[in-house]
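Worksheet: one structure, shown below.
The values are calculated or read from the model by the stated rules, or taken from the named source; none is laboratory data. Please read these numbers as outputs of a predicted model, since none were measured by experiment. Neighbour counts are summed over all protein chains in view; Cβ atoms, including those assigned to glycine, are modelled from backbone coordinates with ideal geometry.
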Amino acid sequence: MNKRYIITGAPGTGKTSVLNALRKRGYLCYDEISRKVIIKQQQLGTHKTPWGDLSGFVDLVYEHTLIALQCPIESDAFVDRGVPDCIAYLREKSCEVPEYLFTFPFKQYYAATVFLTPPWEEIYSNDPQRLQSYQEAVRIHEQLIQVYQNLNFKIEILPKATVVERVDCILGFSF
């Protein structure tokens with residue numbers, strides 16, 4: 001069965017650039033669902049965002065993720081973030097984590113190896129959907145590592161290097 005390889009990391013660590021480069025090389029890639037949800041919620045004028053109603057935001061991201069995961073894939077794919085990221089964001093803000101996140105069948109949908117982009121202050125920037133400070137990004141990074149380890153994923157930390165070098169690192173992994 002084909003799996004989705006998660007590319008995760010705190011906000012502003014270069015995940016989208018890596019995904020776009022993988023896509024240009026012909027790999028099946030899926031954009032970040034949480035960014036799409038943030039944009040939609042901003043358009044609607046709601047507070048269901050990571051800096052507003054985080055629990056409501058996570059519920060929306062989870063619902064959209066379930067829909068996306070129901071679409072079969074014909075080859076291995078790369079995804080910008082995975083369900084475990086929801087747990088990390090909730091923990092970083094000391095919010096209660098819903099049971100449905102802990103009972104999610106992670107291994108059914110995701111490959112056992114996750115690629116993590118570490119915090120990198122030199123490339124970090126804010127935008128209308130990324131309001132977190134660099135210090136918040138570092139705390140999210142720490143939570144991501146804990147969550148993925150606790151869920152028994154193998155974490156491959158990508159180097160602070162060019163996008164091409166990061167992609168080559170991913171593609172050098174034995175799939």
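Reported count of residues in the stretch 39-50, each being part of a loop (DSSP other than H, G, I, E, B) and loosely packed, with under 15 Cβ neighbours inside 10 Å, is 3.
Within the stretch 148-162, being in a helix (DSSP H, G or I) and either among the acidic types (D, E) or surrounded by 15 or more Cβ atoms within 10 Å (Cβ to Cβ) (or both) holds for one residue alone: Y148.
Among the residues of the stretch 98-125, those that are more than 17 Å from the chain's Cα centre (by Cα) and more than 24 Å from I170 (Cβ to Cβ) comprise P98, E99, Y100, T103.
So that you can scan it fast, the table gives a plain yes or no per residue for (1) modelled with pLDDT under 95; (2) assigned to a helix (DSSP H, G or I); (3) surrounded by fewer than 21 Cβ atoms within 10 Å (Cβ to Cβ); (4) β-branched (V, I, T):
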{"residue": "I7", "(1), (2), (3), (4)": "no, no, no, yes"}
{"residue": "T16", "(1), (2), (3), (4)": "yes, yes, yes, yes"}
{"residue": "R23", "(1), (2), (3), (4)": "no, yes, yes, no"}
{"residue": "V37", "(1), (2), (3), (4)": "yes, yes, no, yes"}
{"residue": "G52", "(1), (2), (3), (4)": "yes, no, yes, no"}
{"residue": "P84", "(1), (2), (3), (4)": "no, yes, no, no"}
{"residue": "I87", "(1), (2), (3), (4)": "no, yes, no, yes"}
{"residue": "V97", "(1), (2), (3), (4)": "no, no, yes, yes"}
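On inspection, A68 fails the criterion of being out of contact with any helix residue (DSSP H, G or I) (no Cβ under 7 Å at 6 or more places or on another chain) and hydrophobic (A, V, I, L, M, F, W, C).
Kindly establish whether A77 is surrounded by fewer than 16 Cβ atoms within 10 Å (Cβ to Cβ), within 23 Å of K160 (Cα to Cα) and modelled with pLDDT of 95 or more. No; evaluated as a whole, the condition is false for this residue. Quick check on the stretch 105-143: of everything there that is at pLDDT 95 or above and of a type in the set (A, V, I, L, M), which residue is surrounded by the most Cβ atoms within 10 Å (Cβ to Cβ)? My answer is V114.
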